[in-house]
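Everything below concerns the one structure shown next.
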Amino acid sequence: MLSNPYGPEDRDSAALVTSMCQTPEPGLNVECFVPEPKTTLGEGVQLRRLADENHWETVIVVTFVPHVSRARYIIAKCFDRELIMVASPTRLGPAGWAWMYIYQTAGYVKAALQPDC
């Protein structure tokens, strides 16, 4: 399952979507989607639907390092089975890390106020 909530504006994700979704490796089943809403909560809703349809008991979620903790919190609202979080490599300088700390903290506040799936 591959989500790209940002569409073609996010060149890195768009390139991944093109390679993984349009021309997947033989034998690899990839479900590509744009979450609705275009948030981690929207991804969680879609994950729960696909997990229910496919009887998945374990899911591995890959996201970038600063987002792992918040993503786990949000996805766990939707998916009550085994959830494994994996951090993808992240290249951020000190200013980037500072911004991500502020952004992710604000995101936690927003997530705490949002309803569950």
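So which residues in segment 26-55 are in a helix (DSSP H, G or I), among the charged types (D, E, K, R) and surrounded by fewer than 18 Cβ atoms within 10 Å (Cβ to Cβ)? Step through it out loud before you land on a result.
So in segment 26-55, the residues in a helix (DSSP H, G or I) come out as 40-54.
Filter once more, so that each one left must be among the charged types (D, E, K, R): 43, 48-49, 52-53.
The answer is R49, D52, E53.
Name the residues in segment 56-68 that are over 17 Å from L2 (Cβ atoms) and either aromatic (F, W, Y) or assigned to a loop (DSSP other than H, G, I, E, B) (or both), would you? I'd like the intermediate steps shown before the answer.
The initial filter retains those residues of segment 56-68 that are over 17 Å from L2 (Cβ atoms), namely 57-58, 65-66, 68.
Hit for segment 56-68 is E57, nothing else.
Cβ-Cβ distance below 8 Å, separation of 6 or more or different chains: which pairs start in segment 1-25 with a residue that is exposed (fewer than 14 other Cβ atoms within 10 Å of the Cβ) and end on one that is among the β-branched types (V, I, T) and in a loop (DSSP other than H, G, I, E, B)? Close Cβ pairs satisfying both conditions: G7/V34; P24/V30.
So in segment 12-27, with the set limited to residues that are of a type outside the set (S, T, Y) and more than 25 Å from R72 (Cβ to Cβ), which one is modelled with the lowest pLDDT?
Keep residues of segment 12-27 that are of a type outside the set (S, T, Y), which gives 12, 14-17, 20-22, 24-27.
Filter once more, keeping what is more than 25 Å from R72 (Cβ to Cβ): 14-15, 22, 24-27.
Details: A14: 75, A15: 78, Q22: 78, P24: 71, E25: 77, P26: 82, G27: 79.
Ranking the qualifying residues of segment 12-27, first place goes to P24.
Note on segment 1-25: among residues that are over 16 Å from the mean Cα position of the chain (by Cα) and outside any helix (DSSP H, G or I), the one that is farthest from I60 (Cα to Cα) is T23. Per the listing A106, A112, A95, A76, the residue uniquely touching a Leu at 6+ places or on another chain (Cβ under 7 Å) and farther than 14 Å from L2 by Cα is A76. For segment 75-108, the candidate set comprises residues that are in a helix (DSSP H, G or I) and aliphatic (A, V, I, L, M); within that set, the residue that is surrounded by the fewest Cβ atoms within 10 Å (Cβ to Cβ) is A95. Yes or no: P8 at pLDDT below 95, under 17 Å from D116 (Cβ atoms) and touching a helix residue (DSSP H, G or I) at 6+ places or on another chain (Cβ under 7 Å)? When the stated conditions are applied, P8 does not pass them.
Name the one entry in A111, A71 that is within 15 Å of G44 (Cβ to Cβ), among the small types (G, A, S), in contact (Cβ under 8 Å) with a residue 40 or more places away in the chain and in a helix (DSSP H, G or I). Give the steps one after another, and end with the answer.
Details: A71 fails: in contact (Cβ under 8 Å) with a residue 40 or more places away in the chain.
On inspection, the qualifying residue turns out to be A111.
Condition test on I60, is it exposed (fewer than 11 other Cβ atoms within 10 Å of the Cβ), farther than 18 Å from Y108 by Cα and modelled with pLDDT of 95 or more? No, not satisfied.
The values are calculated or read from the model by the stated rules, or taken from the named source; none is laboratory data. Bear in mind the structure is a predicted one, so any value in this text is a computation, not a measurement. Counting neighbours? That spans all protein chains shown, and the Cβs are built from the backbone with ideal geometry, glycine included.
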